[in-house]
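Let me begin by presenting the structure, written as structure tokens, before commenting on it.
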Amino acid sequence: MVGYSLMGLMMAKNTLTFTWAFELVTKKHKSCASTCLLVLDFSVSIIAGLFFLFISRDWKLLMYPFFAAGALGYIIVTLMVPESPQWLLLQGRKAEAIESLNYIAKVNRSNNRISQDVNFV
């Protein structure tokens, strides 16, 4: 039961990754971003298969580093990625959405900022 709970927790990493990719990537590049994310996600399975084929049949040697990497990735994404500006706007939280967009601009080293008195369509 604990294993299934941890697997569900790690799946949140995929949900967050795909959500942010589709919000930040233009419509023209969404299929490419989706393909890249799926290939990177599937590469873990390829590495696991090669490990079991050539190195060891002991699954614990591979499970612990992958679990640690997934947990670390989840923690980093949870702490560093702000709330989705689109979701905040849909919830009527305009000030927080503007703050989130300005944070994203700062991280991207852009000098563009959105003022608090802007109206969204």
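Just so it is clear, none of the values below were taken in a lab; they were calculated from the coordinates. Since the model is a prediction, treat every value here as computed from it, not as a measurement. Every residue, glycine among them, receives a Cβ derived from its backbone with ideal geometry; neighbour counts consider all protein chains shown.
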On Cα atoms only, tilt of 2-24 relative to the major axis of the chain in degrees: 40 degrees
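For Ile55 and Lys30, what is the calculated FRET efficiency with R₀ set at 41 Å and r taken between the beta-carbons, to the nearest 0.05?
With a Förster radius of 41 Å, E is 0.65.
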Only Lys, Arg (+1) and Asp, Glu (-1) charged, at Cβ; the chain dipole about Cα centre in debye: 220 debye
If R0 is 41 Å, what FRET efficiency do you get for Ala95 and Ser43 from their C-beta distance, rounded to 0.05? 0.55
Where the only charges are on Cβ atoms (+1 Lys, Arg; -1 Asp, Glu), what is the dipole of the stretch 49-101 about its Cα centre, to the nearest 20 debye? 160 debye
Euclidean distance between Cα centres, the stretch 70-96 to the stretch 20-51, Å: 20 Å
Mean ellipticity per residue at 222 nm, deg cm²/dmol - from DSSP H runs of n ≥ 4 across the chain, formula -39500 (n - 2.57): -25000 deg cm²/dmol
Could you tell me which label, among (i) 143; (ii) 151; (iii) 118, carries the value of volume of the Cα convex hull per residue in Å³ calculated for this structure? (i)
Assuming a ≥ b ≥ c are the square roots of the Cα gyration tensor eigenvalues, decide whether the stretch 80-121 counts as rounded (a/c under 1.5), prolate (otherwise, with a/b larger than b/c) or oblate. oblate
Label-point separation in nm, Phe18 to Ala68, each point 7 Å along Cα→Cβ: 2.9 nm
